[in-house]
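J.: Next up is a structure, given as structure tokens.
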Amino acid sequence: MIVNNFTTVLKIAPAFLLASTIMHAQTKDTLSKEKKIDEVVLVGYGKQKKSDLTGSITAVSEKDFNKGAIVSADQLITGKAPGVRITNAGGSPDSAPNIRIRGGSSFSANNNPLIVIDGVPLDTNNPAGVGNPLNLINPNDIESFSILKDASATAIYGNRGSNGVIIIKTKRGGGKLKISLNTNVSVGTVTRYIDVMNADEFTKFINQNYPNYSYLLGVGGNSANPSQPGTIYNTDWQKAIYRNSVSSDNNLSVSGSLFNKVPTRLSVGYNRTEGVIRTSDYERFSTGLNITPSFFDNHLKIDISLKGLFSKLNAIDDGGAIGGAINMNPTLPIYQSQTNLIGDPYNRFGGYYQNIVLKGNQYLIQGQSNPLAILMQRSSPQKIAKFLGNAEINYKFHFLPDLRAIVNLGLEASRSNLKTVYSDNAIATYRNPQNLFVPNDYVFSPGVDYAEHQNIVNQTMDAYLVYEKRYSGFLSHFLVQGGYSYQNFKNDGYKDQYRYDDVTGRRVPNPGTALNPTNRYYNVLNLQSFIGRANIDFYDKYLFTLNFRADASSLFQKGERWGYFPGVGFAWKVNKDFFTESSSVKDLKLRLGWGRTGNADIVSVAGFYPSSPYFSIGGSNSQYFPGVGTYSALPFNPGLTWETTETWNAGIDFSFFSQDRISGSIDVYKRKTSNLLAKVPLPAGQGLSNEFTTNVGSLENKGVEFNLTVVPVKTENLNWSVSGNFGYNDSKILSLGDVSYFPDNSSTLPIGTGIKIANNAIGYQPYSAWVLQQVYDENGKPLDNVYVDRNNDGIINEKDRYYKAIRPRWTYGFSTSLTYKNWDLNAAFRGQIGGLIYNTRKLAQGFKSYTVPQNSQNLNNVLTSTADSPFTLSDNLYFSDYFLEDASFLKLDNVTIGYLFKNVFKNTNVRVYGSVNNVYTWTNYSGQDPENFTGIDNNFYPRPRTYTIGFNFNF
Amino acid sequence: MKNTKYKVLALLAFLAVNTACLNDLDTEPKVEQTLENLLAADPNAVEGLLSRLYASFALSSVEGPDKSDISGADPGESPFVRGLVNLQDFTADDMKNRWGDNGLDQLTTTANWTSNNKFFKYVYDRIYYTVPQATNLILIMKSDKVNYANKNQVVDELRYLRALSYYYLIDLFGKGALVTDENFNTSALLPETSRKELFNYVESELLAIETTLPASNSYGRANKACARMLLAKLYLNAEVYTGTSRYNDAANFINKIISEGGYQLETNIRKNFSSDNNTSKEIIFPLLADAVSSQSFGNTTYLVNGSISTDTMVPADFGAKQGWAGHRATKAWYGLFGNSIADLQASSDKRAKLFWTQGHNWEMNDYKTWSDGLPSDKFWNKDSNGAGGATDFSSTDFPLFRLADVYLMYAECALRGAAGTTVPQGLIYLNQVRARAGATPLSTITLDVVLDERARELNFEGMRRQDLIRFGKFTGGTYLWPWKGGVKNGTSISDNYKIFPIPSTALQSNPNLTQNPGY
């Protein structure tokens, strides 16, 4: 049905055009020519002059982008827009960015903003194996970002606009032939290691505190002689798994006009990024083609954009490698060759040293696996092939040139192939078979351990009519727009799963079940909407915008399906009324906006079919009666509907002095989300599970944003500008239905089982840590298991816990740009004030008894500071606020120096630049990196400091 | 104008086609099935749905042992068998655990119980997972959507599973919301139903299905004896649940099980707790497990792996691949066979040998020390002859109800003067249980003797706390055991500990529910 529809649409569109060509009008084009590119800002389904905007929109164009070693598009704008907090999940090449515009407004629903590339809204569900969806577009092809923040701007995106919208436009061709070649090479290093004990400190610690376990130090110790250590080696496991990474990025683009008429741009890019953890590699080949032909004397413009991309990432086992390296006993060697143990069984593991023990007549792996072997013996290639294409057909009616019809057709298709493959002697596949009549007491299973294949096809179609007319006098501008939008997301995949056979020890395929033999999953989401907008300006001074959107989502049942999202914006160009003659006040605009937007992106918690009764098929290891497959009734909620957010926004845009010496804006906003989609506990027995997603509760965000750009010097030879922004956002939960709080399932601590440190509670910020107050002695050292008895009842329990907000309220960034003749210098800072981070290492490896075996023959390493640690592990220790540290930081994110060689050859400019990224972070946090979105620091993939040297050739 | 007309027509056609697309909003999955598709695609679909409900007592989910169908629950910690043993054996005198795990210490020391304890919540949530799912399925079966020959029997079995869940609600939490066929799926909050009313409901359900359930059913499925066993348990504890004793009714069903059930005591003491116990003639209602096709960290895997540590034992000797170093029995249990390790080794009672002594201490000076207390070897993953290799998950089924229990219940009822029982016959049955274990027969019995024999025979099978409460020895200070109340030699605990606190999440989501006294 979907395919039929799409084909039908494609058939109608040309017919429609054909009908119009029959018309004979050849009206002259009376509209004024296209304005300069930096004055036009993308708004939803159209563009407006910056001076005509009524909503809170930040535009970031190429000159403002972050520079240096940029792998993904989000890195271009980090710290550049007030109120937009972008935190990636670490230094992995495919690290997922968490983008928050004005705080999040949802619990269970997705809090990321909508991202629209060339008119095609991206699927918020990533293809399998993709951590960062913005990695799938080449940053060199991007011309500008437009960030819509308040509802008067985002209401036109209705159902997906609650968290803001980021509109990305890629570069187009046109004009004379320009060839541009950009290439750079970067080297990355780890800036900070975790301070764990080295071999000397560890040996001393064990000998002093646990002398009965000294035999587990080094190699060759014997439990018969417990206080005698073996041969001690000195291994820095962190240095063993990290490396200096070498990466390069190369782009070639050719832009011009084909046949002197059709603007065309072709780009080709190749990026190879290494992560600072060994084997963590990323490769991307991307290509893009833009053609914007126009016909019929510019009445019909077609903008075709095609992007293709192939990428391959080697995913690493974060926990095993990073966690393993920190945990690993430093007195053990890395390679078998460092020891004097030769032959079988020591040489079984491909040259890596691994502790083994003889039990019966089998050698069993003992203790932790060698972390370097975990990395090197496994390869996990995740390959994606992606196509993103769209065609925008813009037809200006011949008989009525003020009326345009625009049809935008988009197609996003991707194919992912993931697998995990082990090498021949991989420790992870080592098993001891039960049957001891096989020649060896052990067996390896090299080869594929997991595979997944996924196809995604997403289709978009927007069709609308725009009538726009400019006059002079009372009614200076009139625009009305109405149309329809259709989006269909389909992802279809299957998994190959394996298990280890208990008898043979070999890995064998895990069968599917009769009704799902290939472990398939199939998910479809369909969104359809009707949109309308009107812009009415009076005297070019009083500007009104009205938006309306009606949305339907396939997630909801028929009765709850439609949501209605209006928005109103008003702007007053104050400088035209009051400062008309002033040469210092160039621009002063007051904006007011109100709107309602929706959010229904709950597929990550409730699946794609949350409102209808369905049965899931039990897996092959979850059967019960033999010969019968298990089927389980899935919980569902037929009353699910849109979550709506109402926003009030007031702002002032200003620009003073000629050449915009001082310009900026201030915005104040309040957002209230109601019918909040949250996974809350159901009343016992009154649903098919204990919790399900329902519309319950409300949440409020209030804040202020400010940005300012100052150009102190602007002469022919010297230009210097400084710009900065900050945002303050405070969220508060107002109600949660019948419940007063519920634990946030994404705040599970990585140690212990199922301990959730954060709650969503009425009256507090969402995701607030619920902790006990630690008591300290007179020297400032914490006292073990002594907490403040807040309610004075003599017992320490959950009644003594209190809330602390984890997310920061203040975020800011500032940058400076200096050009002197042919030199340019750019520096960018960003930071946050407030915010907390839970230092899991300080807990997990912060008590002495962690070092000695609990049911294993294995010593664990701890932090150097643990030698003086007062702590013993108790139930209450996890909740101590001692582990919640201040995450405020200021980071110098990049410094770039460049020199432009003009006219090296005829019409050729070459710019050479060097830059450093992640230069330095000022913070009080004692762990590795305070910039952590989840607020829980565990096995964090470190962000490297990168040194880059690059060339831009422009012909 | 003609041009305008063309334009308008084209536009209308355009819109008409597009509005036809609105049907695309009715998406349908291809992997998840509607009821109709499922019944059409798999002829065994009804049995599959039923199988899943039985599995609710053993597995954490139907998507593997690492997933949980109860939200927010750790899939390893939350399955029912694990929860039952945690709440009935670790709180009582027979087993202690050393892990802590944010809540186990409360169970191990039978002290400081709070309504936020996740282990209580796991069992409560599991009960209230099985109850609505069973009711949902009952309503589906009763409707005309399903054409299945044995529909009525399936409905009876579902009612049994629901009654079994409510039985544990009555025993552990004392009160709650009563979900029935009539009030299922209403959005209005259900009122709280008292222990007595729940008891009456369960009794009526079981009496109704006891007549129609078949005498025998395929392995693992409920039969007449299962319903009778549950009724017997319900009546045996009626004085605790309702204040009125019903020993006569208990005895009635106990006699029926013994005479009509066709069960007999297994001669091999280990048979009921080995991986081949699916052929045991003694087990009345098992909860299934299989190392390959029915995996869970919370079925007998928990009992087997948890009682092993590589510090003092070799996991492969018990058919396990890992030892989790958690559970040990206390001298309140193994002390019933003698006063020292030497006594255990010299005893003729084979049950005395089912404790691991090498490297362990008789006294439990610190319940967090692995070598204090003797691990129980009762459950293992080898077959009754000791053959079988080591697997990650256990294949041993969990015997929820078995005949030895019935014999001891008979003896108890007789001593309590139930009609239809005699003390001499009770002595005969008790001695049969003892003889099977190789212990010397007794000449007289008293209630305390029966209680001790129940301990020797049935500890670690998820019922000790219930027995102690019935005999008035769980709370108060008359009977102390190691670490009762958090004190090494035991101390008195208050009477409100006969019932667990209702989880705070349940109280929050339904304000009609109230907390149990003292919490």
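The values are calculated or read from the model by the stated rules, or taken from the named source; none is laboratory data. What you see is a predicted model; the values in this text were computed from it and never measured. Cβ placement follows ideal geometry from the backbone for every residue including glycine, while neighbour counts extend to all protein chains displayed.
J.: Restricting attention to region A:687-726, which residues are over 23 Å from residue A:761 (Cβ atoms) and within 14 Å of chain B (Cβ to nearest Cβ)?
T.: Result: A:688, single match.
J.: Scan region A:516-531 for residues that are touching a Leu at 6+ places or on another chain (Cβ under 8 Å) and either more than 12 Å from chain B (Cβ to nearest Cβ) or not in a strand (DSSP E or B) (or both) and report the count.
T.: Qualifying residue count, region A:516-531: 0.
J.: Can you tell me which residues in region B:294-326 are at positive phi and at the interface with chain A (Cβ under 9 Å from one of its Cβ atoms)?
T.: Result: B:325, single match.
J.: Do any strands (runs of 3 or more DSSP E) lying entirely in region A:871-955 carry at least 2 residues that are in contact with a strand residue (DSSP E or B) (Cβ under 7 Å, 6 or more places away or on another chain), of a type outside the set (A, V, I, L, M, F, W, C) and crowded, with 20+ Cβ neighbours inside 10 Å, and which ones are they?
T.: A:889-901, A:909-923, A:944-954
J.: Six or more apart or on different chains, Cβ atoms under 6 Å: show the pairs whose first residue is in region A:273-286 and closer than 11 Å to residue A:250 by Cα and whose second is at pLDDT 90 or above and among the acidic types (Asp, Glu).
T.: none
J.: So, one more: Starting from region B:439-451, keep only residues that are closer than 17 Å to residue B:351 by Cα and in contact (Cβ under 8 Å) with a residue 40 or more places away in the chain, then list their pairs with residues that are of a type outside the set (Gly, Ala, Ser) and in a loop (DSSP other than H, G, I, E, B) whose Cβ atoms are within a distance under 6 Å, requiring at least 6 positions of separation or different chains.
T.: Going by the 6 Å Cβ cut-off, the qualifying pairs are B:439/B:349.
J.: A further question on this structure: Please state which one of B:156, B:171, B:181 is among the charged types (D, E, K, R) and not in a helix (DSSP H, G or I).
T.: B:181
J.: Restricting to region B:482-519, name every residue that is of a type in the set (Ser, Thr, Tyr) and within 14 Å of chain A (Cβ to nearest Cβ).
T.: B:504, B:505, B:509, B:514, B:519
J.: Scan region B:167-187 and report the pairs whose first residue is within 16 Å of residue B:238 (Cβ to Cβ) and within 10 Å of chain A (Cβ to nearest Cβ) and whose second residue is assigned to a loop (DSSP other than H, G, I, E, B) and of a type outside the set (S, T, N, Q), with Cβ atoms within less than 9 Å and a gap of 6+ or a chain change.
T.: Close Cβ pairs satisfying both conditions: B:169/B:175.
J.: Of (1) assigned to a loop (DSSP other than H, G, I, E, B); (2) out of contact with any Asp or Glu (no Cβ under 8 Å at 6 or more places or on another chain); (3) under 25 Å from residue B:410 (Cα atoms), residue B:309 satisfies all except one. Which?
T.: (3)
J.: Additional query: Given the structure, is residue B:250 in contact with a Leu (Cβ under 7 Å, 6 or more places away or on another chain), buried (at least 22 other Cβ atoms within 10 Å of the Cβ) and closer than 16 Å to residue B:460 by Cβ?
T.: So residue B:250 fails the test.
J.: Check residue B:31 against each of (1) surrounded by fewer than 20 Cβ atoms within 10 Å (Cβ to Cβ); (2) hydrophobic (A, V, I, L, M, F, W, C); (3) more than 9 Å from chain A (Cβ to nearest Cβ) and name the one condition it does not meet.
T.: (3)
J.: Taking region A:645-686 only, how many residues are under 30 Å from residue A:735 (Cβ atoms), more than 14 Å from chain B (Cβ to nearest Cβ) and hydrophobic (A, V, I, L, M, F, W, C)?
T.: Count: 5.
J.: Still on this structure, please answer the following. Just to verify a result, which residue in region A:634-644, among those that are surrounded by fewer than 22 Cβ atoms within 10 Å (Cβ to Cβ) and among the hydrophobic types (A, V, I, L, M, F, W, C), is farthest from the other protein chains (Cβ to nearest Cβ)?
T.: Once the filter is applied, the top-ranked residue is A:636.
J.: How many residues does region A:113-150 hold that are within 18 Å of residue A:311 (Cα to Cα) and among the small types (Gly, Ala, Ser)?
T.: So the answer is 3.
J.: For region B:256-264, does any single residue satisfy the condition of being part of a helix (DSSP H, G or I) and within 30 Å of residue B:194 (Cβ to Cβ)?
T.: Among the residues of region B:256-264, at least one is part of a helix (DSSP H, G or I) and within 30 Å of residue B:194 (Cβ to Cβ), which makes the answer yes.
Yes/no matrix, rows are residues, columns are (1) modelled with pLDDT under 90; (2) surrounded by fewer than 21 Cβ atoms within 10 Å (Cβ to Cβ):
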| residue | (1), (2) |
| --- | --- |
| A:682 | yes, no |
| A:708 | no, yes |
| A:714 | yes, yes |
| A:731 | no, no |
| A:735 | no, yes |
| A:738 | yes, yes |
| A:751 | yes, yes |
| A:757 | no, no |
| A:766 | no, no |
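J.: Among the strands (runs of 3 or more DSSP E) lying completely within region A:747-791, list those that include at least 3 residues that are in contact with a helix residue (DSSP H, G or I) (Cβ under 7 Å, 6 or more places away or on another chain).
T.: The strands (runs of 3 or more DSSP E) meeting that bar are A:782-787.
J.: Could I ask something else about it? Going residue by residue through region B:403-422, is there one that turns out to be in contact with a strand residue (DSSP E or B) (Cβ under 7 Å, 6 or more places away or on another chain) and either at pLDDT 95 or above or surrounded by fewer than 19 Cβ atoms within 10 Å (Cβ to Cβ) (or both)?
T.: Within region B:403-422 (the criterion being in contact with a strand residue (DSSP E or B) (Cβ under 7 Å, 6 or more places away or on another chain) and either at pLDDT 95 or above or surrounded by fewer than 19 Cβ atoms within 10 Å (Cβ to Cβ) (or both)), the answer is yes, since at least one residue qualifies.
J.: Among the residues of region B:475-494, are any in contact with a helix residue (DSSP H, G or I) (Cβ under 8 Å, 6 or more places away or on another chain), touching a residue at least 12 places away in the same chain (Cβ under 8 Å) and among the basic types (Lys, Arg)?
T.: no
J.: Answer yes or no as to whether residue A:798 is away from chain B (no Cβ under 14 Å), more than 25 Å from the chain's Cα centre (by Cα), free of Cβ contacts under 8 Å to residues at least 40 places away in the same chain and surrounded by fewer than 16 Cβ atoms within 10 Å (Cβ to Cβ).
T.: no
J.: Separate question: Considering only region B:44-88, state which residues are acidic (Asp, Glu), within 7 Å of chain A (Cβ to nearest Cβ) and not in a helix (DSSP H, G or I).
T.: Of everything in region B:44-88, those that are acidic (Asp, Glu), within 7 Å of chain A (Cβ to nearest Cβ) and not in a helix (DSSP H, G or I) turn out to be B:63, B:69, B:74, B:77.
J.: Just checking, how many residues over region A:552-598 are surrounded by 16 or more Cβ atoms within 10 Å (Cβ to Cβ) and within 14 Å of chain B (Cβ to nearest Cβ)?
T.: Qualifying residue count for the region: 10.
Quick grid of which residues meet (1) touching a strand residue (DSSP E or B) at 6+ places or on another chain (Cβ under 6 Å); (2) under 25 Å from residue A:844 (Cβ atoms); (3) part of a loop (DSSP other than H, G, I, E, B); (4) at pLDDT 90 or above:
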{"residue": "A:332", "(1), (2), (3), (4)": "no, yes, yes, yes"}
{"residue": "A:340", "(1), (2), (3), (4)": "no, no, yes, no"}
{"residue": "A:343", "(1), (2), (3), (4)": "no, no, yes, no"}
{"residue": "A:363", "(1), (2), (3), (4)": "yes, no, no, no"}
{"residue": "A:368", "(1), (2), (3), (4)": "no, yes, yes, no"}
{"residue": "A:375", "(1), (2), (3), (4)": "no, yes, no, yes"}
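J.: Sticking with this one: From the set of residues in region A:398-419 that are at pLDDT 90 or above and within 14 Å of chain B (Cβ to nearest Cβ), which is nearest to residue A:311 (Cα to Cα)?
T.: My answer is A:409.
A quick yes/no check of all residues on (1) more than 13 Å from every other protein chain (Cβ to nearest Cβ); (2) of a type in the set (A, V, I, L, M, F, W, C):
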{"residue": "A:734", "(1), (2)": "yes, yes"}
{"residue": "A:756", "(1), (2)": "no, no"}
{"residue": "A:762", "(1), (2)": "no, yes"}
{"residue": "A:768", "(1), (2)": "yes, no"}
{"residue": "A:775", "(1), (2)": "yes, yes"}
{"residue": "A:783", "(1), (2)": "yes, yes"}
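J.: Looking only at region A:850-860, filter to residues that are more than 14 Å from every other protein chain (Cβ to nearest Cβ) and in contact with a helix residue (DSSP H, G or I) (Cβ under 6 Å, 6 or more places away or on another chain); which one of those is surrounded by the most Cβ atoms within 10 Å (Cβ to Cβ)?
T.: Across region A:850-860, the extreme among qualifying residues is A:859.
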